[in-house]
1. Scan the helices (runs of 4 or more DSSP H) fully inside region 7-79 and keep the ones with 3 or more residues being open to solvent by 10 Å² or more (accessible area, probe 1.4 Å) and among the small types (G, A, S).
2. I need every pair where a residue in region 88-115 that is part of a helix (DSSP H, G or I) has its Cβ under 6 Å from the Cβ of a residue that is of a type in the set (K, R) and open to solvent by 20 Å² or more (accessible area, probe 1.4 Å), sequence separation at least 6 or different chains.
3. Considering only residues that are over 22 Å from I209 (Cα atoms) and aliphatic (A, V, I, L, M), look in region 130-149 and name the one that is most open to solvent (accessible area, probe 1.4 Å).
4. Quick check on I197: is it open to solvent by less than 60 Å² (accessible area, probe 1.4 Å) and at pLDDT below 90?
5. I'd like the full set of residues that are more than 16 Å from the chain's Cα centre (by Cα) and buried (at least 20 other Cβ atoms within 10 Å of the Cβ), limited to region 150-168.
6. Look at R26 and say whether it is without any contact (Cβ under 8 Å) to a residue 40 or more places away in the chain, over 27 Å from F113 (Cβ atoms), charged (D, E, K, R) and out of contact with any Cys (no Cβ under 7 Å at 6 or more places or on another chain).
7. Going through region 41-61 one residue at a time, which ones are of a type in the set (D, E, K, R) and within 16 Å of E23 (Cα to Cα)?
8. Determine which member of the set A156, A169 is at pLDDT below 95, farther than 17 Å from P103 by Cβ and among the hydrophobic types (A, V, I, L, M, F, W, C).
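The values are calculated or read from the model by the stated rules, or taken from the named source; none is laboratory data. Just so we're clear, the structure is a prediction, and the values are computed from it rather than from any experiment. Note: ideal-geometry Cβ built from the backbone for every residue, glycine included; neighbour counts use all protein chains shown. Ligands, DNA and RNA are stripped out before the accessible areas are found, and what is left, the full protein with its side chains, is counted by its heavy atoms. Shrake-Rupley method; radii C 1.70, N 1.55, O 1.52, S 1.80 Å.
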Amino acid sequence: GDLSQRSSLMAAAFLKSTPEALESLRPDQLLAWSEQGDRLCRGNWKSIALSSLYFQVSPALLHNVSLEAVGRIVDIVDSLTERSYELATTCLETAPSIFAALPVPDREPFLRFARAVARASWADIRLYFERGPKLIEGIAPPERARYLDLAARVTAEVGRQGFPLFSDAATAMGTMPLELHASLLTFAERLSVGSPIAAMEYLKSAPFISSRLNPAQMADRKSTRLNS
């Protein structure tokens, strides 16, 4: 009833999508699902279209992520509307295919970093959604959550530099043997306590350093850095 009072377009999208949404939701979650869509509506035609889009695409999202995760995606999309409805629409449209393609363990960490990027540099969200999944493919699967969470912490500290650092460091790590990724991240995490930028710069430089030092020399270099 409330939706029909806001917009017949939204109400129609809600009714059409409800059967598919119920494939993933309990009946008692239906109200929360509808309220998340309603939250995007501010009464103007662009927001009505965005809210209607939510009802169209969210059932597909719910096949792959929780209702709570969809809520966090709505938070990101909602924050983007303050800058660009076009960008908000693009992110919402592409979210189902992005999260469907991501391996299950990567979905929540990917979303945590997305929130950090949206807060720090809204314009980089499109790049992250376009390039992020491919960039993290080069990182050893067990270490991807650690890398994304490190990138999120760094981005919270350094702002607009965060996404370029994430991109460059992921590209560099992708050239390194997978079995080295855990130790590289352990050292970077320790560095990040004192200097978030230094942590990512270390990961960016790892291929160059490793091409000139053997493993024992790299270990000596790490201990020298930590003690200095």
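1. Values: elements: 8-21, 30-39, 45-62.
Ranges flagged: 8-21.
2. Filtered contacts from region 88-115: F99/R107; D106/R144; L111/R72.
3. A145
4. Details: open to solvent by less than 60 Å² (accessible area, probe 1.4 Å): yes; at pLDDT below 90: no.
No, not satisfied.
5. none
6. So R26 fits the description; yes.
7. Within region 41-61, none qualify.
8. None of the others qualify; the one that does is A156.
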